[in-house]
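The values are calculated or read from the model by the stated rules, or taken from the named source; none is laboratory data. Please read these numbers as outputs of a predicted model, since none were measured by experiment. Here the Cβ positions follow ideal geometry from the backbone for every residue, glycine too, while neighbour counts run over all protein chains shown.
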Amino acid sequence: MSMRDLDFKVVAETFQAMERISARTQLTLVLVKLFKDSPADVIDKTIYLIQGKLGPDWKSIPELGVGEKYLVKAISLAYRVSEDSVYKTFKAIGDLGEVAERLCRQARGKGPVGLASFMAETRRRLAVSRVYDTLLRIAYAEGEGSRDIKIKLTAGLLADAEPIEAKYLVRLIEGRLRVGVGDATILDALSIAYGGGAQARPIVERAYNLRSDLGMIAKILSSEGIEALYKITPKVGIPIRPMLAERGKEASEIINKVGGSAIVEYKYDGERAQIHKEGDKITIFSRRLENITFRYPDVVDLARSYLKAEEAIVEGEIVAYDPDTGELRPFQELMHRKRKYEIEKMVKEIPVKVYLFDILYKDGLDLTVKLLPERRRVLEETVIRTENWTIADYIKVSNPDELNKFFLEAISEGAEGVMVKAIHEDSIYTAGVRGWLWIKYKRDYRSEMIDTVDLVVVGAFYGKGKRGGKLSSLLMAAYDPKTDTFKTVCKMATGFTDEELDKMNEILKPHILKHKHPRVDSRMKPDVWIEPVYVAEVLGAELTLSPVHSCGLDRVREGVGISIRFPRFIRWRDDKRPEDATTEDEIVDMYLRQLKRIEEEPATEQT
């Protein structure tokens, strides 16, 4: 039985339609039509192309490795024009995708008769499977001659492309698709296309949260129907999207939120890790579901030796420590382990401890549907504790005094604070969901004047004086999961060193947009719009009402939002996706708490 395919032109036309749409509901409907038109044989590949990827991050598929220079050569080869001509057109237009579109059209119609007829005779249909499979070959091409292979494969696609296909092929390869679609919008569209409507969304989302692969979920939906998703359970080797926590400031309110009693454990300043064991094979995934096994050969050895299970998925925090003093080191120390070279040296210089806090799967048993006390019991049975491999320190509490005492103990031991976790009848592991089952209670949340938050870059402004010509301040936004949008909360210009500013300009340049991203909600217009990709930790003096920001708009007072006063850059959060940023609800809650404290403070006598 031959595989059914889809013309890439249908996908390209969908991309073009989506570029012109700013409303998320319309984007969703456009995707619904595309999904219904996509055969089950290629729906997964269609999804990956929409995401601008070749698969989920956890598969560690290499980057395409086709930059501007290679693309110019490929366009030149495909349309038989000089590289200088391609560069000249690029300089005039500023978009290589549009360059390819224009040159393709000229080669077809207005170009030399011989070339136009040659292209017409030799052209092969561009199907989704061919585009995807060729891009995969490009990504995996390596070694001597790989440069020429990448250029020829790219040129081969472009030579067979129609103008609109050429435009979006180049943008796909550049990583500059910019159709404004996040996972949430794709999930909505899949629910409507294959699940019968919005009521299917929780089922589709849970399956995705357990398998972290939208293409896989779409293929199951398309070929087997919504009922097949009920059978989805954790699978070793495929990361589960992590359960997320809300934040709390006052011990009494936190205890009330979790139902009167809870397990409270140290919150360590390390790298959250999901560790998978299948026999002797160990795989470690980051919070963002990237495969980071190579960074932690020492953790691999610990898991292999001290997890008492044939198959298991456990979660924990990997924390750097000082081997001379035993004191825990800050998260930044682990960044040295990002280098793929000198790992053995880093293992010695920056040793780590692993503090496990949950178990999601063991030997065929799906533990995500079990309550936290049961999961904790299984974790205790499964983990052999050693000095560097153990279970996070925890106690059970039922009153604010106990919580505050344990909180202070955690701080004194070098932890960030504590995690308060509900143990009531609803305390299952809600993969990929943020809620009041888990609550962060951190040191900086206790401050009267400042809090750290994680915000997304959505725009930037050019500086003046010695910063002239450089992007030197950023428009930052919080995430609203209800609308899948990023709402602005401050303009940040301080905290950067000169080196960080140079690096910032370099990393933001590929993500500059001509117009506001459809997932960005902003009243302020920056000098340039930025695709919401990067997350930064920000320290602020206080939260104030603001008529120029959209975060919390009309939530506290009609016509105004909430802004962070005196925001300061702390560090980039490469371990967080934009959707993991501080939420609009958290910002509003923080403002109301601050307001309540100010109102409750007794007036001081003037002397």
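From Leu187, Leu169, which residue is under 24 Å from the mean Cα position of the chain (by Cα) and under 20 Å from Val533 (Cα atoms)?
On the way: Leu169 fails: under 20 Å from Val533 (Cα atoms).
After ruling out the rest, the residue left standing is Leu187.
How about the stretch 44-83: which of its residues are among the hydroxyl-bearing types (Ser, Thr, Tyr) and buried (at least 18 other Cβ atoms within 10 Å of the Cβ)?
Keep residues of the stretch 44-83 that are among the hydroxyl-bearing types (Ser, Thr, Tyr), which gives 46, 48, 60, 70, 76, 79, 82.
Passing the criteria: Thr46, Tyr48, Tyr70, Ser76, Tyr79.
With the checklist (1) over 20 Å from the mean Cα position of the chain (by Cα); (2) under 21 Å from Glu579 (Cβ atoms) in hand, flag the one item Lys231 doesn't pass.
All conditions are met except number (2).
Can you name the residue in the stretch 549-607 that is of a type in the set (S, T, N, Q) and at pLDDT 90 or above and, of all such residues, is nearest to Lys338 (Cα to Cα)? Working first, answer last.
To start, the set of residues in the stretch 549-607 that are of a type in the set (S, T, N, Q) comprises 550, 563, 582-583, 594, 604, 606-607.
Right, trim to at pLDDT 90 or above and you get 550, 582-583.
Values: Ser550: 36, Thr582: 25, Thr583: 28 Å.
Here the residue is Thr582.
Just one of the numbered conditions (1) in contact (Cβ under 8 Å) with a residue 40 or more places away in the chain; (2) assigned to a strand (DSSP E or B); (3) farther than 25 Å from Leu187 by Cβ; (4) not assigned by TED's automatic domain parsing to the domain that holds Tyr266 is not true of His549; which one?
Condition (2) is where His549 drops out.
In the stretch 457-500, what residues are part of a helix (DSSP H, G or I) and within 23 Å of the chain's Cα centre (by Cα)?
Looking only at the stretch 457-500, we keep the residues that are part of a helix (DSSP H, G or I), and these are 465-467, 498-500.
Glu500 - this is the single residue of the stretch 457-500 that is part of a helix (DSSP H, G or I) and within 23 Å of the chain's Cα centre (by Cα).
Kindly list, by first and then second residue, each pair from a residue in the stretch 481-495 that is within 15 Å of Glu586 (Cα to Cα) to a residue that is of a type in the set (Asp, Glu), limited to pairs with Cβ atoms under 7 Å and residues at least 6 apart or on different chains.
Taking only residues 6 or more apart or on different chains, the pairs are Thr485/Asp521; Phe486/Asp521; Lys487/Asp480; Lys487/Asp521; Lys487/Glu584.
Would you mind telling me which numbered condition in (1) over 18 Å from Arg247 (Cβ atoms); (2) at pLDDT below 95; (3) surrounded by 13 or more Cβ atoms within 10 Å (Cβ to Cβ); (4) among the hydrophobic types (A, V, I, L, M, F, W, C) Val520 fails?
It fails just one condition, (2).
Among residues belonging to the stretch 556-575 that are in a loop (DSSP other than H, G, I, E, B) and surrounded by 17 or more Cβ atoms within 10 Å (Cβ to Cβ), point out the one that is farthest from the chain's Cα centre (by Cα). Talk me through it step by step, then tell me what you get.
The initial filter retains those residues of the stretch 556-575 that are in a loop (DSSP other than H, G, I, E, B), namely 556-560, 566-567, 573-575.
Still in the running and surrounded by 17 or more Cβ atoms within 10 Å (Cβ to Cβ): 560, 567, 573, 575.
Working: Val560: 29, Pro567: 23, Arg573: 11, Asp575: 8 Å.
So the residue we want is Val560.
Please go through the stretch 208-257 and give me each residue that is of a type in the set (Asp, Glu), assigned to a helix (DSSP H, G or I) and either crowded, with 18+ Cβ neighbours inside 10 Å or assigned by TED's automatic domain parsing to the domain that holds Ala198 (or both), ordered by number.
Across the stretch 208-257, the qualifying residues are Glu224, Glu227.
Can you tell me which residue within the stretch 1-24, out of those that are in a helix (DSSP H, G or I) and among the acidic types (Asp, Glu), is farthest from Ala166 (Cα to Cα)? First the steps, then the outcome.
Step one: of the stretch 1-24, the residues in a helix (DSSP H, G or I) are 8-19, 24.
After this cut, where a residue has to be among the acidic types (Asp, Glu) as well, the list is 13, 19.
On the way: Glu13: 11, Glu19: 16 Å.
Among those residues, the one meeting the criterion is Glu19.
I'm told Asp324 meets every condition in (1) within 20 Å of Leu210 (Cβ to Cβ); (2) of a type outside the set (Lys, Arg); (3) at pLDDT below 85 except one. Can you identify the failing condition by its number?
Condition (1) is where Asp324 drops out.
One line per residue, one yes/no per condition, for (1) in contact (Cβ under 8 Å) with a residue 12 or more places away in the chain; (2) touching a Phe, Trp or Tyr at 6+ places or on another chain (Cβ under 9 Å); (3) within 29 Å of Pro62 (Cβ to Cβ):
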{"residue": "Phe285", "(1), (2), (3)": "yes, yes, yes"}
{"residue": "Pro297", "(1), (2), (3)": "yes, no, yes"}
{"residue": "Ser305", "(1), (2), (3)": "yes, yes, no"}
{"residue": "Tyr321", "(1), (2), (3)": "yes, no, no"}
{"residue": "Lys338", "(1), (2), (3)": "yes, no, yes"}
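Is it the case that some residue within the stretch 47-68 is among the charged types (D, E, K, R), within 32 Å of the chain's Cα centre (by Cα) and not in a helix (DSSP H, G or I)?
Our first condition is that a residue be among the charged types (D, E, K, R); within the stretch 47-68, this holds for 53, 57, 59, 63, 68.
This time we only want the ones that are within 32 Å of the chain's Cα centre (by Cα), so: 53, 57, 59, 63, 68.
With not in a helix (DSSP H, G or I) added as a condition, the list becomes 53, 63.
Among the residues of the stretch 47-68, at least one is among the charged types (D, E, K, R), within 32 Å of the chain's Cα centre (by Cα) and not in a helix (DSSP H, G or I), which makes the answer yes.
Which pairs turn up if I take residues in the stretch 382-396 that are among the aliphatic types (A, V, I, L, M) and look for partners that are part of a strand (DSSP E or B) and surrounded by fewer than 19 Cβ atoms within 10 Å (Cβ to Cβ) with beta carbon separation below 9 Å, at least 6 apart in sequence or on another chain?
Every condition considered, the pairs that remain are Val383/Thr390.
Quick check on this structure: which one of Asp37, Asp5, Asp41 is touching a Pro at 6+ places or on another chain (Cβ under 9 Å), surrounded by fewer than 19 Cβ atoms within 10 Å (Cβ to Cβ) and either modelled with pLDDT under 95 or not assigned by TED's automatic domain parsing to the domain that holds Arg125 (or both)? Before the answer, list the steps.
Numbers: Asp37 fails: touching a Pro at 6+ places or on another chain (Cβ under 9 Å); Asp41 fails: touching a Pro at 6+ places or on another chain (Cβ under 9 Å).
Checking each option against the conditions leaves just Asp5.
Go through the stretch 1-27 and give me each residue that's out of contact with any helix residue (DSSP H, G or I) (no Cβ under 8 Å at 6 or more places or on another chain) and farther than 21 Å from Lys219 by Cα. Working first, answer last.
Going through the stretch 1-27, the residues out of contact with any helix residue (DSSP H, G or I) (no Cβ under 8 Å at 6 or more places or on another chain) turn out to be 1-2, 4, 19-20, 22-23, 25-26.
Residues satisfying the conditions are Glu19, Arg20, Ser22, Ala23, Thr25, Gln26.
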